[in-house]
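For reference, the structure is listed below as structure tokens.
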Amino acid sequence: MPKLTFYPLGNADTCLIDLANGKKLLFDYSDERDPKNSNDKRIDLPKALRDDLNAVKRDYFDLVAITHLDDDHTCK
């Protein structure tokens, strides 16, 4: 069954789509989290994505798409 994952990134957007056939599609990428700020509740996106890939024993996404070039969709 397909699965959508939306990551808590504040104003930013990142969505991971897992298809029924095992393919992984990543839409946009924004890692603006401040790890030094304990009040910053945004997810550690690089870690979350690595963990997701490691869980299925792979190191790539089948597709990475950037929907537009605003910083909150392309940061880092």
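A few comments on the model shown:
- Each of K47 and I66 was given a label point 7 Å from its Cα along the Cα-to-Cβ line. The distance between the two points is 2.6 nm.
- With every protein chain in place, the chain: carbon and sulfur % of accessible area (1.4 Å): 54 percent
- Size of charge dipole - the chain - debye, nearest 20, with Cβ of Lys, Arg +1 and Asp, Glu -1, no other charges: 400 debye
- These residues, K36, K41, go from largest to smallest accessible area, 1.4 Å probe, as K36, K41.
- Volume of the Cα convex hull of the chain, divided per residue and given in Å³: 95 Å³
- Rounded tilt (10° steps) of 45-55 against the dominant C-alpha axis of the chain: 20 degrees
- Think of it as helices only: each DSSP H run of n ≥ 4 in the chain is worth -39500 (n - 2.57), and spread over all residues that comes to -5000 deg cm²/dmol at 222 nm.
The values are calculated or read from the model by the stated rules, or taken from the named source; none is laboratory data. Remember, it's a predicted structure, so these values are computed and weren't measured experimentally. Ideal geometry is used to build each Cβ from the backbone, glycine not excepted, and the neighbour counts take in all protein chains shown. Surface accessibility is based on the protein's heavy atoms, side chains included, excluding ligands, DNA and RNA. Shrake-Rupley method; radii C 1.70, N 1.55, O 1.52, S 1.80 Å.
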